[in-house]
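The values are calculated or read from the model by the stated rules, or taken from the named source; none is laboratory data. Since the model is a prediction, treat every value here as computed from it, not as a measurement. With ideal geometry, Cβ positions are generated from the backbone for all residues, glycine too; neighbour counts draw on all protein chains shown. Ligands, DNA and RNA are stripped out before the accessible areas are found, and what is left, the full protein with its side chains, is counted by its heavy atoms. Shrake-Rupley method; radii C 1.70, N 1.55, O 1.52, S 1.80 Å.
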Amino acid sequence: MEYLSLFVKSIFVDNMIFAYFLGMCSYLAVSKNVKTANGLGMAVIFVLVCTLPLNYLLNKYILTPGENCIFGPNVDLSFLSFILFIAVIAAFTQLVEMIVEKFLPALYSSLGIFLPLIAVNCAILGGSLFMQQKDFANVGESAVYALGSGLGWYLAIVALAAIREKLSYSNVPAPLKGIGITFITVGLMGIAFMAFMGISL
Amino acid sequence: MNTNSNTYTVVYSAIIVIVVAAILAFAAMSLNDRQVANMKAETIGQILTAAKIPSGESNAEIIATYKDQIAEAYTVDLKGAKVNELPAEDATIYTTSDLKAQNYNIADGVSAELPVYVFKNGTKVVPIYGAGLWGPVWGYVAITPDGKIAGATFDHASETPGLGGKIKDDPSFAAQFDGKAFDFSDAAPFAIVKGGAPAGKANAIDAITGATMTSKGLDVAINNWVKAYAPVLAGASSDCCKGEGKCCGCCAEGGCQEGNCCMDSEETNTEE
Amino acid sequence: MANLKETFLTPIFKGNPITVLVLGICSSLAVTVELKGAFVMALSVIAVTGLSSLVVSILRNTIPNRVRIIVQLVVVAMMVILVDQFLKAFAYGIDKQLSVYIGLIITNCIVMGRIEAFALGNKPLASLVDGLANGLGYGMILIIVAFFRELFGSGTLFGFPVLKAIGYTNNGLMILPPMALILLGCVIWVQRSIQKDLQEK
């Protein structure tokens, strides 16, 4: 039950895009059509689910001082957390890119081009930083949180891409065309998502 | 030089990692004392604000005021018995991360070490800690010797500024606590009521408009912690049994040091 | 010198990283609820963009191409950790308010974007100026958005009550995340109405 509530909450209530604006750059750049949005969304879910539990373990056993720390209870390495998290993410995306390119060329052609973009996607690093702040009890919770946030991001980008496809037929004032109206659309979608905010699970 | 050879890449990466780690370790170590002092002064400042003791802005002034005004500080277990002294000379306190650990202990209900700060004017300050909408919320409540709430301060890690953040930023929210009291005969000693507290109710205040989840979280935090402190706040641990037979949960579990009062209070409990 | 001046002025209006290049929206809109937070965030980003551009530019001829991205990330992460540590030591209250968003400067696309596009190919001084100017252009938008959100959302500016005197009722919607996006859309609208050449077809 705990897991389910965390899962639903991280998709809808703590949505990476609408509540925290994370991963906005690629969100806006790659949401022109549903097909590419789909690919990037999948890649984000995948990388989040793989790196977040990894960073959770790093955080618990190496960075935070306390009885779990492998260097002894008094070694506080938490100042290294940013650099370690981003290194894990960058190394992981690089690794995945190479593996996918070699063994799954079909998947690579649909997903691979987005992988380098993901290393600097704030949603991934943000997920790890929120994990650190939220202080999960075990790896399972962090994995569920990763899956939920990834799905939330996926949902948001596919929805926006669908809206933008339709929007290209409408008559928008010239200065607002393109990115301007996209911002306003995302804002309105965010207001719609706020309906989920009061839900207690 | 060939910057693309394998050896070069590996050596280069190694050097970068070592240099960066050295710079960061140096910065972290040289700034650590200041950071810890900042955190501590902030917490002490909140304790003093809750107790309505005016203190200065700077860290040194805050700590000096605390040392000057504190009568005793100690930790208690869930039965209200004293566990440890928190020496006033070096202004030892429980930091927010210590409170987090105790919050788990309270939830487990087995053992906990909860800090109590008693000031020279008799005011006792106790912390509360819990989950808000986005992250943890915590704070301090000061109780006068006659059981009234003297004041309260709250803080949060990541509530929405302007909505849930008002528990910290809007002085009129915390001011509502002044003069209220906890009612330990109630299932919930205190209530933060959405849509306005009923007039004349001594243990309820208004929730923040638009911040339902934060208000609820704070309500739960206050009740959990105040219940854990019941033996201390409803009366000192030794005379909670001597009182009007109103046992606060400590006696039944054999927490009382003196005499046979536990028997009496068990009877009172069964009668009720 | 004329060149440096141009390097400095372009990112502030004509090539503004947020409204024109659409970079770096991720990590920062959430700190635009109050002017104070936006102000410190702007200063932090200026420091990080300037210094990391400078460092990468100094190292530019020595960086092995294959690990380029990771080296850049490490440099940026180091700067961000330094800023974070300094804020914790000297402006503790503000650091707490910015919470994870300080860490997210690492993945702020402006920093990486400017390093890739400018610092890797230019001399240290020019890179420093470019980094600072981009941070400044970014900070300016942040402060504009924060100004309106705080003024209409809380009726205050830098925490001082401004609108209360004329009987203004705070608009709670301004404080909520979606309004930041809608306001940003409006800023872009205004800018593109003035600079017609930026309009998208």
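For the residues B:GLY179, B:GLY147, the requirement of being away from every other protein chain (no Cβ under 13 Å), out of contact with any helix residue (DSSP H, G or I) (no Cβ under 8 Å at 6 or more places or on another chain) and at positive phi singles out B:GLY179.
Scanning segment C:154-173 for residues that are assigned to a helix (DSSP H, G or I) and open to solvent by less than 20 Å² (accessible area, probe 1.4 Å) yields a total of 0.
Within segment A:88-127, the set of residues being aromatic (Phe, Trp, Tyr) and open to solvent by less than 50 Å² (accessible area, probe 1.4 Å) comprises A:PHE92, A:PHE114. The residue of segment C:27-74 that is surrounded by the most Cβ atoms within 10 Å (Cβ to Cβ), among those that are under 16 Å from C:GLY103 (Cβ atoms) and free of Cβ contacts under 8 Å to residues at least 40 places away in the same chain, is C:LEU73. Within segment B:77-91, being in a loop (DSSP other than H, G, I, E, B) and either open to solvent by 60 Å² or more (accessible area, probe 1.4 Å) or free of Cβ contacts under 8 Å to residues at least 24 places away in the same chain (or both) holds for B:LYS79, B:PRO87, B:ALA88, B:GLU89, B:ASP90. Here the condition is being under 29 Å from B:PHE177 (Cα atoms) and open to solvent by 70 Å² or more (accessible area, probe 1.4 Å); of B:TYR104, B:TYR74, B:TYR66, B:TYR94, it holds for B:TYR104 alone.
For segment B:100-136, the set of residues classified as in contact (Cβ under 8 Å) with a residue 24 or more places away in the chain, within 13 Å of another protein chain (Cβ to nearest Cβ) and among the aliphatic types (A, V, I, L, M) consists of B:ALA107, B:ALA131, B:LEU133, listed by residue number.
A count restricted to segment A:34-87 and to residues that are within 14 Å of chain B (Cβ to nearest Cβ) and open to solvent by 10 Å² or more (accessible area, probe 1.4 Å) stands at 19. When each of A:VAL172, A:VAL158 is tested for being open to solvent by less than 60 Å² (accessible area, probe 1.4 Å) and either in contact (Cβ under 8 Å) with a residue 60 or more places away in the chain or on the phi > 0 side of the Ramachandran plot (or both), the lone residue that passes is A:VAL158. The single condition from (1) in a helix (DSSP H, G or I); (2) within 19 Å of A:CYS50 (Cβ to Cβ) that A:PHE136 fails is (1). Residue count for segment A:1-33 satisfying the condition of being among the aliphatic types (A, V, I, L, M), over 11 Å from A:ALA123 (Cβ atoms) and either in contact with a Phe, Trp or Tyr (Cβ under 7 Å, 6 or more places away or on another chain) or open to solvent by less than 10 Å² (accessible area, probe 1.4 Å) (or both): 3. Taken over segment B:205-229, residues that are over 25 Å from B:VAL118 (Cβ atoms), under 16 Å from the mean Cα position of the chain (by Cα) and touching a residue at least 60 places away in the same chain (Cβ under 8 Å) amount to 2.
Collect the residues in segment B:149-176 that are part of a strand (DSSP E or B) and among the aromatic types (Phe, Trp, Tyr), keeping them in residue-number order.
B:PHE154
Residue count for segment B:1-56 under the criterion of being of a type in the set (A, V, I, L, M, F, W, C), within 19 Å of the chain's Cα centre (by Cα) and either assigned to a helix (DSSP H, G or I) or at the interface with another protein chain (Cβ under 7 Å from one of its Cβ atoms) (or both): the result is 8. The residues on offer are B:ALA191, B:ALA202, B:ALA207, and the sole one that is at pLDDT 80 or above, loosely packed, with under 14 Cβ neighbours inside 10 Å and touching a strand residue (DSSP E or B) at 6+ places or on another chain (Cβ under 6 Å) is B:ALA202. Number of residues in segment C:1-26 that are surrounded by 18 or more Cβ atoms within 10 Å (Cβ to Cβ), β-branched (Val, Ile, Thr) and not in a loop (DSSP other than H, G, I, E, B): the value is 1.
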